[in-house]
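Only the coordinates and a few stated rules stand behind these numbers; no lab work does. A quick note: this is a predicted structure, and the numbers were derived from the prediction, not measured. No Cβ is skipped: glycine too gets one built from the backbone with ideal geometry, and neighbour counts run over all protein chains shown.
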Amino acid sequence: MRGITYSWKQTVAYLFSGASLKRDPFWNFTKTVIEASESVGLQVLAVTTDMGPANTGLWNHVGIQSTCSILTSAVVHPCAADRSLYFIADPPHLLKNLWNCVLTHGVTLGSPIVSKYNLPSDIVKGFVFVSQLIDAQNCRDLRVAYKLKSCHVTPSQYEKMKVSYAAQFFSRSTAAAIQTCVNLAILPVEALTTAWFLNFVNDWFDAMNARHKESAQFQCQVTASTRAMTEMLHVIKKSGF
C-alpha cells in the first residue's frame, strides 16, 4: 500500500508464485487485499503494476484494455459499485519497455505528428543515431553527452533493467547533443526526428514520475505536464509502436 498525497508505504501481503500465475486466483487474492485494507479505513484507488506477463494477464482478466482504438483504465471497485478501481502501469517500467522498443524496432510516427512538429522524417532511429553520436564523441576531447556509453544502445540483459540508463537515453541532454551534431553536419538532418522524440518522452516521463504534491495533476487544470501526457496519448494513437 502506498500513499498518493503522503509519503507512506506499508507491505500488507505477499504471494509466493512460480513461473506462471493463474488469473482468477490472482484477482481473488488482489480483491482480498483490497477488501481487508478498506475494512480498516484505507481507501484504495488504484492498482499499480509493472508490465510482466502475470500482471498484464490480470489486467486482461478484469477487462483493462490499452490499444490504439480502445482505452479502458478502470473497473467497478470490489468494495463499492459507485466507485472505480484504476489500473496504472508503473512509469519507470513503461520507460524501460519503450527504450527497448526504440532500440530493437524503432518507431514510425504518424503523418499528423510529422506535420504538426515539422519533422524531417517519420522514423525514430534511436539505436542508429545515438550509436553514431557515441562514436562521434568518443574520438573528441569534449563530449556533448558525457553520460552516454555503449550500454545505452547495446545493454546487457541486466543493464536493460536499469531505469537510469533508459532515463539518460530519453533525456534533454541526449536530444540536445543530437541537435548539435546535426548543426555541425556530423549527423544527418533526419536525426532531428529522433532528437524530438527523445525530448518528447523526457517531458512525458517527468510528468508521470513526479514525486511532490506540488506537481500533482488535476483534471480542471491545464499545465505543461497535462499537455505532455495528453499529447503522448495522441502520438501513440497516430503512430506505430
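Odds and ends about this structure:
- Sequence ranges 80-87, 184-191, 168-175, ranked by mean other-Cβ count within 10 angstrom, highest first: 168-175, 184-191, 80-87
- The alpha carbons of segment 24-82 stretch over 39, 24, 18 Å along the principal axes, in descending order.
- Restricting segment 16-61 to chymotrypsin sites (Phe, Trp or Tyr not before Pro) in coil, as DSSP defines it, with at most 11 other Cβ within 10 Å: 16
- Each stretch of four or more DSSP H residues adds -39500 (n - 2.57); spread over every residue of the chain, this sum gives -14500 deg cm²/dmol at 222 nm.
- Highest-MSF residue in the chain out of 192, 21, 103 [GNM, Cα springs under 10 Å]: 21
- Ranking of 226, 67 by neighbouring Cβ atoms within 10 Å, starting from the fewest: 67, 226.
- Relative contact order of the chain, pairs being alpha-carbon contacts under 8 Å that are 6 or more residues apart, as %: 17 percent
- Share, in percent, of DSSP beta bridges within the chain that are antiparallel, nearest 5: 70 percent
- Computing P(r) over Cα pairs in 10 Å bins from 0, in percent for the structure here picks out one of (1) 6, 20, 19, 17, 14, 11, 7, 3, 2, 0, 0; (2) 8, 35, 39, 17, 2, 0; (3) 7, 26, 31, 22, 11, 3, 0, namely (3).
- Residues 50, 203, 141, sorted so that the one with the fewest Cβ neighbours within 10 Å comes first: 141, 50, 203
- Compared with the dominant Cα axis of the chain, that is its longest principal axis, helix 172-183 is turned about 20°.
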